[in-house]
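**Q** Sharing a structure here in structure tokens format.
Every read-out reported here was derived from the displayed coordinates using simple, explicitly stated rules and does not represent laboratory data. Because the structure is predicted, anything quoted here is derived from the model rather than measured. Heads up, the Cβs are rebuilt from the backbone with ideal geometry, glycines too, and the neighbour counts pull from every protein chain shown.
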Amino acid sequence: MNAPVNTAVNPIGIHDITFATGHHSFALETLAAKHGIDVGKFHKGIGQEVMSQPAADEDIVTMAATAAKRIIDRNGTDGIRTLLFATESGVDQSKSAGVYVHGLLGLPSRVRTIEMKQACYSGVGALQVALGIVARNPQEKVLVVASDVARYDLNSGGEPTQGAAAAAFLVQANPGILAVEPASGVYTYDVQDFWRPNDRHTALVDGKLSIDAYLNAVRGAYDDFIDHGGADFAAIDRFCYHQPFTKMAVKAHMALREHVGLSADKAETAAELETTMHYNRMIGNSYTASVFLALMSLLETESDNLVGKRVGILSYGSGAVAEFFTGTIVDGYQKLLHADEHKKALDSREPLTYDAYRDLHPGTRVADITDYDTPEVTDAPFRFAGVKDHSRIYQRR
Ligand code: COA
């Protein structure tokens, strides 16, 4: 079955989308040199060049607020009645990180605010919840933020895939960027490929198992997508994958091509996905935000010719949940892009030395937290000032 492009009178989808990242960058060239690893393993083998790192006074909340502020500055708050915060590196076991963002942005109190969790998947989970809310009440808008700091143990296989970023976007009727089509394929199965117990700053991961689990989930979600009326593979013009490291997208697309009976040449597949990989290669893994960074990379790199094109989007969250869905690019999308701000966010990062990078890493175990202040480092609009009486303190700068 080949689903037609969604021509519903009131399409729903992403109206405006942007990201923020950490104050610092750390070059994988430095990590490779210090660890005696051929840098080709990072640059070519996993497809990563730089990782963003948050300053001591930044975290998932400050990055999310910075990204969301750009959406609010452009669109205002009219119609926003829901704020969904997707993350797998939450800062509290009870209070939603979204409530801090709500406060920092001065959003109206008549907003429901929730944090959502399922490893790297929950950003797309939040998008689907948002689509449902808007479908029921088309005059409403939903602000979604997906923000994460990806942390693995020092000297571990996952270390070069760390990173940090927040994506923020507005979901509404008659969107200006991506009209999401109704068909969606979902897939859940219980696998212990990546997880982070409450007493750890860093994730535990079985790297090889996580790659296999991701590939299984791609096939499973795609099959469910087809069974629910999704577009044929050949009718999808571009593919955006969750990118824990950019080479993973190539592996995933090769697996999907083979799954639908097509040949899968590695170099051709990498070239096909190239325009989706710029931000993730230069930022590192941003967990829930990663697939949206892939979308932004695509939109901004191919800013001439995407109108009407159908994009397939695949989200994978270890543990594991995956979803595959499509959307079509809306005429005039170029006017809503934030390419200049994104370039500035990447180019203005302050590079870290190896020692400074190690000093910023929080270590493995979560220690008892007593009151502390953070140094003033970030030049973002919001900062994390420290902990007082077990409460996290955030400030507008
Ligand atoms: N030049 C070019 N490529 C090189 C190389 C070199 N000098 N040295 C190694 N490579 C290639 C390998 O051939 C391999 O490519 P392939 O996957 O196409 O076979 C790739 O680099 C990675 O090498 P590998 O030895 O498998 O790396 P690793 O054992 O350090 O593990 C991960 C890689 C991704 C498993 C590890 O970084 C990890 O655990 N990451 C976190 C979990 C994750 O992101 N999972 C993804 C699904 S969610």
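**Q** What ranking of Met116, Met51 emerges when the number of other C-beta atoms within 10 Å of each C-beta is taken as an exposure proxy, fewest first?
**A** Going from least to most buried by this count: Met116, Met51.
**Q** Excluding Gly123 itself, what net charge comes from residues whose Cβ is under 14 Å from its Cβ, given Lys and Arg +1 and Asp and Glu -1?
**A** Net of charged neighbours comes to -3.
**Q** Please work out the Cα center distance from the stretch 73-94 to the stretch 112-126, rounded to the nearest Å.
**A** So the separation of the two Cα centres works out to 10 Å.
**Q** Cα centroid distance between the stretch 299-360 and the stretch 220-286, in Å?
**A** Each part reduced to its Cα centre gives a spacing of 15 Å.
**Q** Fewest to most neighbouring Cβ within 10 Å: what's the order for Tyr333, Tyr121, Tyr316? Working shown, then result.
**A** Details: Tyr333 20, Tyr121 28, Tyr316 31.
In order of increasing Cβ crowding within 10 Å: Tyr333, Tyr121, Tyr316.
**Q** For His35, His201, His390, what ranking results if the residue with the fewest other Cβ atoms within 10 Å of its Cβ goes first?
**A** Final ranking by Cβ density, sparse to dense: His390, His35, His201.
**Q** Now for a different question. Could you list, in their original order, any pairs among Lys69/Lys343; Lys44/Lys335; Lys247/Lys344 whose Cα atoms are separated by more than 29 Å?
**A** Among Lys69/Lys343; Lys44/Lys335; Lys247/Lys344, the Cα-Cα distance tops 29 Å for Lys44/Lys335.
**Q** Once phi is turned into θ = phi - 60°, what whole-Hz ³J(HN,Hα) does the Karplus curve with 6.51, -1.76 and 1.60 give for every residue of the stretch 252-259, x standing for Gly and Pro?
**A** Values, residue by residue: 5, 6, 5, 4, 5, 4, 5, 4 Hz.
**Q** Grab the eigenvalues of the alpha-carbon gyration tensor for the chain, scale each by 5, take roots, and send me the semi-axes largest first in whole angstrom.
**A** After diagonalising the Cα gyration tensor, the semi-axes are 30, 26, 19 Å.
**Q** How about Lys117: which aspartates and glutamates have a C-alpha closer than 14 Å to its C-alpha, ignoring those fewer than 8 places off in the same chain?
**A** Glu88, Asp92, Asp148
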